[in-house]
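Q: Below are the structure tokens for one structure; questions will follow.
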Amino acid sequence: MKQALYVLILSLLASCALVPDEWYDDSPNTREISGPVRSYSILPPPPETVFDGSETVYRTNYTLNETLVAKVGEPVLRIQAFKKDNFVTHQLILEKPVTVTIEKEEMLLPAKRYPVFGTFEWGAETFYVLPKYKQYYFLVNMKGELQPMYLYEIKNSDKVTIFNDKAKFSPSSARMKMYSFSNQEKIPFTDFEVIYDGVKNNQIVLFYKNAVPGTDGNTGSFDTRGYPADSTMISVEGRLLRVLRADRDQMTYVVIKD
């Protein structure tokens, strides 16, 4: 009789499923989780800022096929070149506040820009994960639609569990927009100036100034070059110039080829 009683007591104790203490929180915002819980990891977010290519930008003091005049001491050519790196930054934006109701708890998601905390894969679909709000991680699909399922933080763990409870949103049509903005970084790599120095010793004299990029011409190397005074075409740093008139005071010319 005693043995049967002991077996009955042991079977009753074994049927009680205990939930580990780390899944509980003393705060009123913590849900009670009972039974076995499957844990998941939140994957890293995509890069917030993405490189969007480079381009070379030239800044010159001339226009092709336009008649120009340079007096002694004035630039015939001024050419600056920049490498422009383009970057695009993506964030999610909530334009109007949204009330979220889970069971009897109400939370307010304020209208603002939200960085993407991470990504979460469920089935064949990938979701953006918003930064933690209390113990909740809300999900947004690639269309920007807030999802009724949500992730819940497991206490003392870097893992989460998922609840398919229908989180209710007000307004029900709430969605987020992908906000993108671009920025540029200009990196100078060419800066030179060609200055007219008059006609001397039967030569058109040009003064070359190769500046260190980024110093705006204040630092660099210098050189003087001469061309026959009767030249009608001269090549200057890869540019082809037609000389219409050159004397000791000024030169009239046209840049006909870059």
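Q: I need the Kirkwood Rh of the stretch 165-206: take the reciprocal of the average 1/r across all distinct C-alpha pairs and report it in angstrom.
A: Result for the stretch 165-206 stands at 17.8 Å.
Q: Residue by residue through the stretch 228-233, which ³J(HN,Hα) values in whole Hz follow from phi under the Karplus form 6.51 cos²θ - 1.76 cosθ + 1.60 (θ = phi - 60°), with glycine and proline marked x?
A: x, 4, 9, 5, 9, 9
Q: For Leu92, what residues show an amide H to amide H distance below 5 Å, using hydrogens built from the backbone and excluding near sequence neighbours?
A: Tyr114, Val116, Tyr179
Q: Same structure again: P(r) for the stretch 197-258: what percent of alpha-carbon pairs falls in each 5 Å bin, starting at zero?
A: 4, 17, 23, 23, 16, 12, 4, 0
Q: From Cα coordinates alone, what are the radius of gyration and Dmax values for the stretch 27-183 in angstrom?
A: Every Cα atom of the stretch 27-183 included, Rg and Dmax give 25.3, 90 Å.
Q: Distance check, please: which entries in Lys83/Lys200; Lys96/Lys132; Lys96/Lys186; Lys200/Lys257; Lys96/Lys134; Lys84/Lys143 exceed 29 angstrom between their Cα atoms? Show your work: numbers first, answer last.
A: Details: Lys83/Lys200 38 Å; Lys96/Lys132 19 Å; Lys96/Lys186 36 Å; Lys200/Lys257 26 Å; Lys96/Lys134 20 Å; Lys84/Lys143 32 Å.
Over 29 Å Cα-Cα: Lys83/Lys200; Lys96/Lys186; Lys84/Lys143.
Q: For the stretch 43-52, in order, what is each residue's ³J(HN,Hα) by Karplus, 6.51 cos²θ - 1.76 cosθ + 1.60 with θ = phi - 60°, in whole Hz (x at glycine and Pro)?
A: With coefficients 6.51, -1.76 and 1.60, one gets 7, x, x, x, x, 5, 10, 10, 5, 10 Hz.
Q: Give the separation of the Cα centroids, the stretch 79-102 to the stretch 113-152, in Å.
A: With the stretch 79-102 and the stretch 113-152 each reduced to a Cα centre, they are spaced 18 Å.
No lab work stands behind these numbers, since they all come straight from the coordinates. Please read these numbers as outputs of a predicted model, since none were measured by experiment.
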